[in-house]
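Shown next, in structure tokens, is the structure this report addresses.
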């Protein structure tokens with residue numbers, strides 16, 4: 001049975017992942033991507049355009065399905081070897097989070113909603129994930145899961 005996740009990644013980093021078909025979370029830590037399995041849905045929330053000091057964005061910027069769940073490590077620089085999982089990203093539009101806050105059950109405190117994203121990734125109920133997918137114009141990609 002598929003699980004549904006939201007990862008927190010700046011838009012510029014998301015765009016690289018979409019182009020190359022992968023996701024890395026929590027600055028490339030293995031533990032974050034080890035929780036993802038083949039068939040899981042993953043949406044990306046981008047608080048900013050760039051990390052760490054980009055302009056505020058506060059939008060969902062990508063959505064996809066985990067391909068195999070196989071975790072692998074790459075070398076980006078001599079000192080940075082992040083862990084990744086391959087994702088098939090679906091065609092979508094960015095969706096601002098503010099219009100969705102009231103409808104998302106995983107956001108318990110609607111006033112301090114950003115706290116829900118503080119750990120860099122989180123598992124969410126299927127209904128919440130599908131609401132995000134719908135806002136992004138990508139619900140059809142997950143119709144089988146509904």
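Numbers for the structure displayed
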quantity: Residue satisfying all of: in the stretch 64-86; buried (at least 17 other Cβ atoms within 10 Å of the Cβ) and out of contact with any helix residue (DSSP H, G or I) (no Cβ under 6 Å at 6 or more places or on another chain); farthest from residue 126 (Cα to Cα) among these; calculated: 84
quantity: Qualifying position, being assigned to a helix (DSSP H, G or I) and either modelled with pLDDT of 95 or more or in contact with a strand residue (DSSP E or B) (Cβ under 9 Å, 6 or more places away or on another chain) (or both), among 133, 145, 140; calculated: 133
quantity: Exclusive hit being surrounded by 15 or more Cβ atoms within 10 Å (Cβ to Cβ), modelled with pLDDT under 95 and either part of a loop (DSSP other than H, G, I, E, B) or in contact with a helix residue (DSSP H, G or I) (Cβ under 6 Å, 6 or more places away or on another chain) (or both), set 43, 2; calculated: 2
quantity: Flag for residue 89 being farther than 18 Å from residue 19 by Cβ, within 17 Å of the chain's Cα centre (by Cα) and buried (at least 18 other Cβ atoms within 10 Å of the Cβ); calculated: no
quantity: Selection status of residue 61, surrounded by 20 or more Cβ atoms within 10 Å (Cβ to Cβ), in a strand (DSSP E or B) and under 11 Å from the mean Cα position of the chain (by Cα); calculated: yes
quantity: Single condition residue 126 does not satisfy, out of (1) loosely packed, with under 14 Cβ neighbours inside 10 Å; (2) over 18 Å from residue 15 (Cα atoms); (3) touching a strand residue (DSSP E or B) at 6+ places or on another chain (Cβ under 7 Å); calculated: (1)
quantity: Residue within the stretch 99-113 that is surrounded by 15 or more Cβ atoms within 10 Å (Cβ to Cβ) and in contact with a strand residue (DSSP E or B) (Cβ under 6 Å, 6 or more places away or on another chain) present; calculated: no
quantity: Among (1) outside any strand (DSSP E or B); (2) surrounded by fewer than 18 Cβ atoms within 10 Å (Cβ to Cβ); (3) in contact (Cβ under 8 Å) with a residue 24 or more places away in the chain - the single one residue 19 does not satisfy; calculated: (3)
quantity: Subset of the stretch 96-129 (residues that are within 23 Å of residue 34 (Cα to Cα), in contact (Cβ under 8 Å) with a residue 60 or more places away in the chain and part of a helix (DSSP H, G or I)); calculated: 117, 126, 128, 129
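The values are calculated or read from the model by the stated rules, or taken from the named source; none is laboratory data. This one's a predicted model, so the numbers in the text were calculated from it and none came from an experiment. No Cβ is skipped: glycine too gets one built from the backbone with ideal geometry, and neighbour counts run over all protein chains shown.
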